[in-house]
Amino acid sequence: MIVRIVKMVFRPEGVEEFLTTFEKFKSDIRNQPGCLHLELLQQKDGYTFFTYSYWESEKELNAYRDSETFKTVWPLTKKHFDAKPEAWTTEQMVVLGKNEVN
């Protein structure tokens, strides 16, 4: 399993439209083949967001990036950026629940 982390910083006037776009397409993204989990996080500044998505493999992530959903969502999203987005594809190493001992 991989975890894809994307950091996006938006211009103040673009935040509302980004959130509307995310709300409209979140189920489509989450239901892509191989997508196991999707989160949207917001930094306290109100303009910086992170998506965390869990994928069965990089193959499924790349298939999503070639999908019509991505080709629709990404242009609607990136037009509001105030900084270049940053992205990391990571391998999940350890997960500890509240009652687990490391």
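The table below gives the values:
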| read-out | value |
| --- | --- |
| Yes/no for residue 47 being over 12 Å from the mean Cα position of the chain (by Cα) and either buried (at least 16 other Cβ atoms within 10 Å of the Cβ) or at pLDDT 95 or above (or both) | yes |
| Close pairs from the stretch 84-96: first over 17 Å from residue 8 (Cα atoms), partner at pLDDT below 95, Cβ under 6 Å, at least 6 apart | 92/1; 96/102 |
| Residues that are in contact (Cβ under 8 Å) with a residue 12 or more places away in the chain and not aromatic (Phe, Trp, Tyr), drawn from the stretch 31-48 | 32, 33, 34, 35, 36, 37, 38, 39, 40, 46, 48 |
| Matching residues, the stretch 59-83, being part of a helix (DSSP H, G or I), touching a residue at least 12 places away in the same chain (Cβ under 8 Å) and loosely packed, with under 14 Cβ neighbours inside 10 Å | 59 |
| Those residues of the stretch 24-47 which are within 15 Å of residue 65 (Cβ to Cβ) and of a type in the set (A, V, I, L, M), in sequence order | 29, 38 |
| Residues that are aromatic (Phe, Trp, Tyr) and more than 19 Å from residue 16 (Cα to Cα), drawn from the stretch 33-69 | 52, 54, 55, 64 |
| Check on residue 92, modelled with pLDDT of 95 or more and polar (S, T, N, Q) | no |
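The values are calculated or read from the model by the stated rules, or taken from the named source; none is laboratory data. This structure is a prediction, so every number in the text was calculated from the model and none was measured. So basically every Cβ, Gly included, is an ideal-geometry build from the backbone, and we count neighbours across all protein chains shown.
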